[in-house]
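Notes for the one structure printed next.
The values are calculated or read from the model by the stated rules, or taken from the named source; none is laboratory data. Since we're looking at a predicted model, the values are computed, not measured. In this analysis, Cβ positions are derived from the backbone assuming ideal geometry, glycine residues included, and neighbour counts consider all displayed protein chains.
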Amino acid sequence: MSGSKPNVLFVLTDDHRSDYLGCMGHPVVKTPHIDALAARGTLFRNAFATSPICTPSRTCYLLGQWERKHGVNFNSQSSVHPDAFALSYPSLLRKAGYFTGYVGKNHTPIGLGGYASGHMERQFDYWYGNHGHIQFYPKDRHPVYRNAKATTQPEVLLEGAANFLTPGDQFLAASEFLKRRPGGTPFALSLCFNLPHSASTNSMRLLPSDPELYRTAYRDRAGELKLPATYVSAKDAAMRAKIPRAVYSGEFIPSYSYVKTPETMREMQIRTCQTVTGIDNVVGALVDQLRRLGLEQNTVIVFASDHGLFHGEHGLGGKALLYEESIHIPMIVYDPRLPKQARESRDFVVPADVGPTILSLCGERVPPSMQGRSMAGLLRGDASGWRKDVFCENLFTDQEYPRVECVRNHDWKYVRYFRRFPEGSKTAYPYADTLEASIRGEQPVHEELFHLREDPQEKDNLAGSRRAVLDTLRRRCGELVKEAKGAPGPAWTLPMEGGRAGAGD
């Protein structure tokens, strides 16, 4: 590697299933630029979101931690303490002399008052973003985007990212947080979409002014967009409940109600393909811009999603539950400075690994607060000492979701469910109490065991018949939840005004 500090471009999508990329085998969606990135870099086929819901997962990326340690979710009544965010990878890079930028969706509350504190904006040299959902037409919702020439989300965010790379006067009057990028200074840019999340795809209006991509693309191929093999429509879901109704009601918010009928599900598949191709176009445009500026050979690019999404599998909509569709995410890391980079990895990687990876590739120290591990060795094809399994969790109990923990290895997945409410109560357990509940010995109310090699679609629960495997994974889950919680340390969260960390989902 050269002695100069590399630049960093981190692209994060939203509700993006692992299978909706050409390089991950989707038969219809076109993603040539992301596929080219995967061909030059390392495609991680076993990347998993450890907390498959927006706020905790995005915080895992920033802080390099599991949710069990950082303690921030929609229902946590907390925000990230400024001292904790000072140990995030963007803050550490800025301290090391990087010019840092943020474009698009933020869903991590930071500082006293959370999103209203202004703390997040002040931590970046260039801020062209917003808190919460962007919607498909950002200018209708967020003043910061109103001077953009484009009207649709991918193209608006492309303008912001392109302006960061080649500073001009176009946006400089729009915000006090848009500074010029100095030449010769390494940069780190986060580009965070709110697509293909339903908050944005549901708000698509097929306007005559929209690019053709978002009006007609893929509609002639709707017949090729097959429903998942385990799809269950709403009329059959009650009869074929995946989880006992006493554990999970099966209800989810209207934003995901498109899964309930084949017709509305197919329309969402079309919109997902359209917007993922829109994201791909943005990636291609930025790679071209880096090449024109002579920066491509010294810019590390990371592409990932905050979590996956159900498309009606097992009658489910939304995410949060720990089946493969919800936790399996796309992830690609490309370091052009490597003389030889592993083209593919099947090792388990998680959002908490991204921060340590970026810091180490930039020659910076990884702080002890980060629980994730640098993937730099995996990029070179060295998996020695790497994890053999992964722990995932859901502590978001709003919208009817139960608390869930799981451990997944290459062969098996063990999932355990806990009560949302204390027995006899209609009030959910306080979030802070749930962080150590299973560590203190709380017993699950339902368990699942899937043999993934033989049953990748998680159809058959073997918890009642494979006792030895069940007992082994029970113990392993108990070990991993303790690791995720970590050793006692400073309370690096703050109470939220109003008692919530923002609108969920």
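Just the residues that are among the basic types (K, R) and surrounded by fewer than 20 Cβ atoms within 10 Å (Cβ to Cβ), please, taken from the range 1-48. First the steps, then the outcome.
At the first step, the residues of the range 1-48 found to be among the basic types (K, R) are 5, 17, 30, 40, 45.
Hits for the range 1-48 are K5, K30, R40, R45.
Every condition in (1) in contact (Cβ under 8 Å) with a residue 60 or more places away in the chain; (2) outside any helix (DSSP H, G or I) holds for P56 except the one numbered (2).
Residues that are surrounded by fewer than 23 Cβ atoms within 10 Å (Cβ to Cβ), in contact (Cβ under 8 Å) with a residue 60 or more places away in the chain and within 20 Å of T55 (Cβ to Cβ) within the range 134-161 comprise just one, Q135.
Of the listed requirements (1) polar (S, T, N, Q); (2) part of a loop (DSSP other than H, G, I, E, B); (3) surrounded by fewer than 18 Cβ atoms within 10 Å (Cβ to Cβ), T472 misses just one: (2).
Number of residues in the range 365-382 that are more than 25 Å from K485 (Cα to Cα) and not aliphatic (A, V, I, L, M) equals 4. On the given criteria, is S4 closer than 20 Å to N194 by Cα and either of a type in the set (S, T, N, Q) or assigned by TED's automatic domain parsing to the domain that holds T493 (or both)? No: the conditions fail for S4.
Could you check the range 335-353 and list, in sequence order, the residues that are β-branched (V, I, T) and either in contact with a Gly (Cβ under 7 Å, 6 or more places away or on another chain) or outside the structural domain of H307 (by TED's automatic domain parsing) (or both)?
At the first step, the residues of the range 335-353 found to be β-branched (V, I, T) are 349-350.
Once the filter is applied, which keeps residues that are β-branched (V, I, T) and either in contact with a Gly (Cβ under 7 Å, 6 or more places away or on another chain) or outside the structural domain of H307 (by TED's automatic domain parsing) (or both), the range 335-353 yields only V350.
The condition of being part of a helix (DSSP H, G or I) and either touching a helix residue (DSSP H, G or I) at 6+ places or on another chain (Cβ under 9 Å) or at negative phi (or both) holds for only one of A437, A463, A428, A432, that being A432. The residues in the range 391-418 that are touching a helix residue (DSSP H, G or I) at 6+ places or on another chain (Cβ under 7 Å) and part of a loop (DSSP other than H, G, I, E, B) can be counted, and the count is 1.
Which helices (runs of 4 or more DSSP H) does the range 152-243 wholly contain that include 1 or more residues that are modelled with pLDDT of 95 or more, in contact with a helix residue (DSSP H, G or I) (Cβ under 7 Å, 6 or more places away or on another chain) and more than 17 Å from M268 (Cα to Cα)?
Values: elements: 153-165, 198-201, 213-216, 234-237.
The qualifying helices (runs of 4 or more DSSP H) are 153-165.
With the condition kept exactly as written, say whether any residue in the range 141-153 is in contact with a Ser or Thr (Cβ under 8 Å, 6 or more places away or on another chain) and closer than 23 Å to R291 by Cβ. For the range 141-153, residues in contact with a Ser or Thr (Cβ under 8 Å, 6 or more places away or on another chain) and closer than 23 Å to R291 by Cβ: absent. Every test in (1) in contact with a Leu (Cβ under 8 Å, 6 or more places away or on another chain); (2) under 30 Å from P422 (Cβ atoms); (3) assigned by TED's automatic domain parsing to the domain that holds A229 is passed by A304 save one, and that test is (2).
Can you name every one of the helices (runs of 4 or more DSSP H) wholly within the range 314-390 that holds 1 or more residues which are charged (D, E, K, R), at pLDDT 95 or above and out of contact with any Phe, Trp or Tyr (no Cβ under 8 Å at 6 or more places or on another chain)? Even if it seems obvious, please write down each step before you answer.
On the way: elements: 324-327, 354-361, 376-379.
Counting at least 1 such residues, we get 324-327.
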